[in-house]
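Below: one structure, written as structure tokens.
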Amino acid sequence: KYLTRPTEIAQSIMRGILKKGDVAVDATMGNGQDTLFLAKMVKSEGKIFAFDIQDLAVANTKKLLEKNHIYDDVHIIQDSHENIDRYVSDEIAGVMFNLGYLPKGDHQIITKAETTLVALKKSLKLLKRNGIITMVIYYGHLGGETEKEKIIEYVEKLDPNLFHVLKIDYINQTQEPPIIIGIVKK
Ligand code: SAM
């Protein structure tokens, strides 16, 4: 199972940097898997901000956290991640994006290049030194290709004196396998 799930690869990248007491952000909470992961990593001393625009994501994430007895400093925010700076003023150690639509949810509600890019740019500013942003980009759906292209075009041009940018591809698969991007602030 190791290396088969892109979300687990993103979590492995995060695991290398996050520690107890950190502030971290789940930019696309969905069913809450990354929120739960981040909460476990930063422990009760840390703080999590989780964003999503849809009711189902908020409900599912709350349920998942309760089931796992996480009652720590987790801020569930029903708003677009492009407004991250309205809620977060702390320096962030890690931000996770998981783009596309909510699995088992409404496939019409998707992340979009314009708002994702605003959220990414703001996240880069809030990120602390050695902090990491991961993006798992699913793009097989309508509109997904445009979002993928715009994000790659942007991250490819990030100043190499300020950021390390890494791209992981499943190179032997068909049907638009997801892409994983990792960005480290130097
Ligand atoms: N990581 C999630 C999980 O563990 O289930 C899956 C995320 S899913 C691929 C993408 C999510 O992004 C959807 O739940 C969708 O509602 C959300 N989304 C779409 N546009 C958004 C926006 N502008 N701000 C925040 N979340 C958004």
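Considering only the stretch 1-40, state which residues are of a type in the set (Gly, Ala, Ser) and within 14 Å of the ligand (Cβ to nearest atom). Full working, then the answer.
First, pick out the residues of the stretch 1-40 that are of a type in the set (Gly, Ala, Ser): 10, 12, 16, 21, 24, 27, 30, 32, 39.
If the condition is that a residue be of a type in the set (Gly, Ala, Ser) and within 14 Å of the ligand (Cβ to nearest atom), then Ala10, Ala24, Ala27, Gly30, Gly32, Ala39 are the ones that fit.
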request  = Could you give me the residue pairs with C-beta distances under 6 Å whose first residue belongs to the stretch 69-85 and is farther than 17 Å from Phe97 by Cβ, whose second residue is surrounded by fewer than 15 Cβ atoms within 10 Å (Cβ to Cβ) wherever it lies, and which are 6+ apart or on separate chains?
outcome  = Asp72/Ser44
remark   = Flagged pairs (Cβ under 9 angstrom, 6 or more apart or on separate chains; first in the stretch 148-172, more than 25 Å from Arg5 (Cα to Cα); second modelled with pLDDT of 95 or more and in a loop (DSSP other than H, G, I, E, B)) are Pro160/Lys186; Asn161/Lys186; Leu162/Lys186; Phe163/Lys186
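Among the residues of the stretch 17-35, write down those that are surrounded by fewer than 15 Cβ atoms within 10 Å (Cβ to Cβ) and without any contact (Cβ under 8 Å) to a residue 40 or more places away in the chain.
Within the stretch 17-35, the first condition is being surrounded by fewer than 15 Cβ atoms within 10 Å (Cβ to Cβ), and the residues that meet it are 19-21.
Hits for the stretch 17-35 are Lys20, Gly21.
Does the stretch 10-61 hold any residues that are among the basic types (Lys, Arg) and either assigned to a loop (DSSP other than H, G, I, E, B) or in contact with a strand residue (DSSP E or B) (Cβ under 6 Å, 6 or more places away or on another chain) (or both), and which are they? I'd like the intermediate steps shown before the answer.
Going residue by residue through the stretch 10-61, those that are among the basic types (Lys, Arg) are 15, 19-20, 40, 43, 47.
Matches in the stretch 10-61: Lys19, Lys20, Lys43, Lys47.
When you go through Lys43, Lys63 one by one, which is the residue that is surrounded by fewer than 23 Cβ atoms within 10 Å (Cβ to Cβ), more than 18 Å from Ile109 (Cβ to Cβ), away from the ligand (no atom under 14 Å from the Cβ) and in contact (Cβ under 8 Å) with a residue 24 or more places away in the chain?
On the way: Lys63 fails: away from the ligand (no atom under 14 Å from the Cβ).
Just a single option satisfies the conditions, and that option is Lys43.
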task = Scan the stretch 92-117 residue by residue and report those that are polar (S, T, N, Q) and under 18 Å from Glu8 (Cα atoms).
result = Asn98
ask   = Applying the selection to the stretch 46-60, what residues are in contact (Cβ under 8 Å) with a residue 12 or more places away in the chain and closer than 30 Å to His107 by Cβ?
value = Ile48, Phe49, Ala50, Phe51, Asp52, Ile53, Gln54, Asp55, Leu56, Ala57, Val58, Asn60
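Anything in the stretch 144-184 that is touching a Phe, Trp or Tyr at 6+ places or on another chain (Cβ under 6 Å), buried (at least 18 other Cβ atoms within 10 Å of the Cβ) and of a type outside the set (Val, Ile, Thr)? List them, or say none. Working first, answer last.
First, the residues of the stretch 144-184 that are touching a Phe, Trp or Tyr at 6+ places or on another chain (Cβ under 6 Å): 145, 148, 176-178, 183.
Now narrow it down to the ones that are buried (at least 18 other Cβ atoms within 10 Å of the Cβ): 148, 178, 183.
Within the stretch 144-184, Lys148, Pro178 meet the criteria.
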inquiry  = Which of the numbered conditions does Asp90 fail, given that it passes all the others? Conditions: (1) within 9 Å of the ligand (Cβ to nearest atom); (2) more than 21 Å from Glu147 (Cα to Cα).
reply    = (1)
ask   = For Gly131, are the conditions met, namely being touching a residue at least 24 places away in the same chain (Cβ under 8 Å), surrounded by 16 or more Cβ atoms within 10 Å (Cβ to Cβ) and away from the ligand (no atom under 16 Å from the Cβ)?
value = yes
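The values are calculated or read from the model by the stated rules, or taken from the named source; none is laboratory data. Just so it is clear, the model here is predicted, and its values are computed rather than measured. Every residue, glycine among them, receives a Cβ derived from its backbone with ideal geometry; neighbour counts consider all protein chains shown.
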